[in-house]
Amino acid sequence: MHAKFLNTKGLAKYIEDYSEAVSLELKKGIQINIEKLIHKTFNTPPIVIFGADICGRLLARHLKLQNIHIACFVDNNLNKCIDDLEGLPVIHTGNLTSFPLESVFLVASTYIHDIFHQLLDLGFFRVLPTSKILQELPQEKLNELPAIQGGIHGRGNFKQDFVPYVVSNMITSQEKYLSDDLVFIRSIDLIITEKCSLKCKDCANLMQYYEKPVDISTNELIEDVKDIVSVVDEINEIRIIGGEPLVNRNFATIISQILPIKKINKVCVYTNGTVVPSDKQMELLKSSKIFFFITNYGILSRQKEKLLAQLKKYNINHNLQDAYGWTECGTIGQRHRNTKDNEYIFTNCCAKNFLSMTDGNLYRCPFSANIVRLNGMPDELSQSDGYNFRGLNNASHQEKIDARIKLKHFLYEKKTLNACDFCAGRTYGDKEIKPGIQTKKPLVYETYAPSLNTKNEKKRVTVS
Ligand code: SF4
Ligand code: SF4
């Protein structure tokens, strides 16, 4: 497995050496196992960009200028495999079995760990990170993409702020993921409230089930952030979410206490465009570390224009994007699948690395975090899905070392979650549904009694 970082020059040399080796073998009359169809369609070796999105597009444009021929894009998401991108076909990973094992994969995704393993399992061995190549891109290249918006992000335009944000995330994630010594976390969703100003019946964060939603105590949140930070080397972003995070009246205070933490690179606020922070709150948010993501639910996002104006006034990076890509993944209910099927659901889930933290636990996805908060599965199942980090800030050196080992296992070794059996799954390319349909009343689901211990641990505090 090649995991070395190559800049464009290094990549060109790598391809040249490989092509030479192939032609030498051919001269010796050795039959190379390359399917005729692929051989005809692609150069040898086919060079493929894994990730049909912003970074992939930038990479394809850049390599074209260097006369490096790219055969196609590859992506896990079927919905991205419909139209050509940058003049190249987008092939679904389900069709990778017809590719020669010698293919070179340039990974243009933050999920490099998963993609490396996915390709390795399929027998491919020429897999390269692309952070060094993307680092070469001049600023004006990053500014080019909004001019061609449409296509992959056409269902929700993105602002100029968004492209450098995505590229820097990918560069950081790739470089840090591939370091064995570091405990690097790409992002953590910090649930600061169960309340939401909307009640979407298909909310993937399960807000539609909360009967008496509460805010989480500011002290508890800050202590939890300090605890998790004490056992990691870096967290690229903390995402402030809810429900609707701006409904928590202390949201700006919470963020202002997270911003100075050096190990956290960015703080992103995910909001639905219904609430505008006051000037006093905005003063606390003035930082280049902050990024606001506004999801546009059309007329439901009734304050989005005012919110945009407020963000511009305080010079805060932001992006407004239409709600899109929703699937039926917000229904709680036990499916009684066997282990193999639950492993399949987990492996193919697009949300399995959307780490979420609540109640002193880290969970692999928002569904898993919220089903536990909602007591939506038996207590013994809930307990083994999370990684408990509460109190680690004050733990001994040895306890922290042990906690880091456990955390790495939690991040990289899980094959499935107990929550997966209660979830419809979020498989790449699932049929999409209309986003943002509202329900007047909370939805009904089966609840399980928490044990006495967990009940005490989970004590929630309403602060507003
Ligand atoms: S706006 Fe809708 S999808 Fe977003 S948190 Fe609220 S209920 Fe969930
Ligand atoms: S399938 Fe599993 S990992 Fe994916 S969202 Fe559901 S519970 Fe989370």
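The values are calculated or read from the model by the stated rules, or taken from the named source; none is laboratory data. Bear in mind the structure is a predicted one, so any value in this text is a computation, not a measurement. With ideal geometry, Cβ positions are generated from the backbone for all residues, glycine too; neighbour counts draw on all protein chains shown.
Laid out as a table, the results:
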{"read-out": "Test: residue in segment 370-392 that is buried (at least 22 other Cβ atoms within 10 Å of the Cβ), within 12 Å of ligand 2 (Cβ to nearest atom) and within 19 Å of Y270 (Cβ to Cβ)", "value": "yes"}
{"read-out": "V232 vs. criteria away from ligand 2 (no atom under 16 Å from the Cβ), outside any helix (DSSP H, G or I), touching a Pro at 6+ places or on another chain (Cβ under 8 Å) and β-branched (V, I, T)", "value": "no"}
{"read-out": "Among the candidates P442, P435, residue that is within 25 Å of the chain's Cα centre (by Cα), modelled with pLDDT of 80 or more, within 16 Å of ligand 1 (Cβ to nearest atom) and within 24 Å of N248 (Cβ to Cβ)", "value": "P435"}
{"read-out": "Any hit, segment 343-358, residues being over 25 Å from P435 (Cα atoms), in the same structural domain as L198 (by TED's automatic domain parsing) and of a type in the set (K, R)", "value": "no"}
{"read-out": "Long-range neighbours under 6 Å by Cβ, at least six apart or interchain, first residue more than 12 Å from C72 (Cβ to Cβ) within segment 83-105, second of a type in the set (K, R) and surrounded by fewer than 18 Cβ atoms within 10 Å (Cβ to Cβ)", "value": "none"}
{"read-out": "Residue check, L88 surrounded by fewer than 21 Cβ atoms within 10 Å (Cβ to Cβ), modelled with pLDDT of 85 or more and not charged (D, E, K, R)", "value": "yes"}
{"read-out": "Qualifying residue in segment 356-363 (condition: surrounded by fewer than 20 Cβ atoms within 10 Å (Cβ to Cβ) and at pLDDT 95 or above)", "value": "yes"}
{"read-out": "Of all residues in segment 60-75 being part of a loop (DSSP other than H, G, I, E, B) and out of contact with any Asp or Glu (no Cβ under 9 Å at 6 or more places or on another chain), the one that is nearest to N95 (Cα to Cα)", "value": "A71"}
{"read-out": "Residues of segment 240-295 that turn out to be assigned to a loop (DSSP other than H, G, I, E, B) and either away from ligand 1 (no atom under 12 Å from the Cβ) or surrounded by fewer than 20 Cβ atoms within 10 Å (Cβ to Cβ) (or both), as a count", "value": "17"}
{"read-out": "Listing of strands (runs of 3 or more DSSP E) fully contained in segment 296-373 that carry 1 or more residues being in contact (Cβ under 8 Å) with a residue 12 or more places away in the chain and within 16 Å of ligand 1 (Cβ to nearest atom)", "value": "317-322, 356-358"}
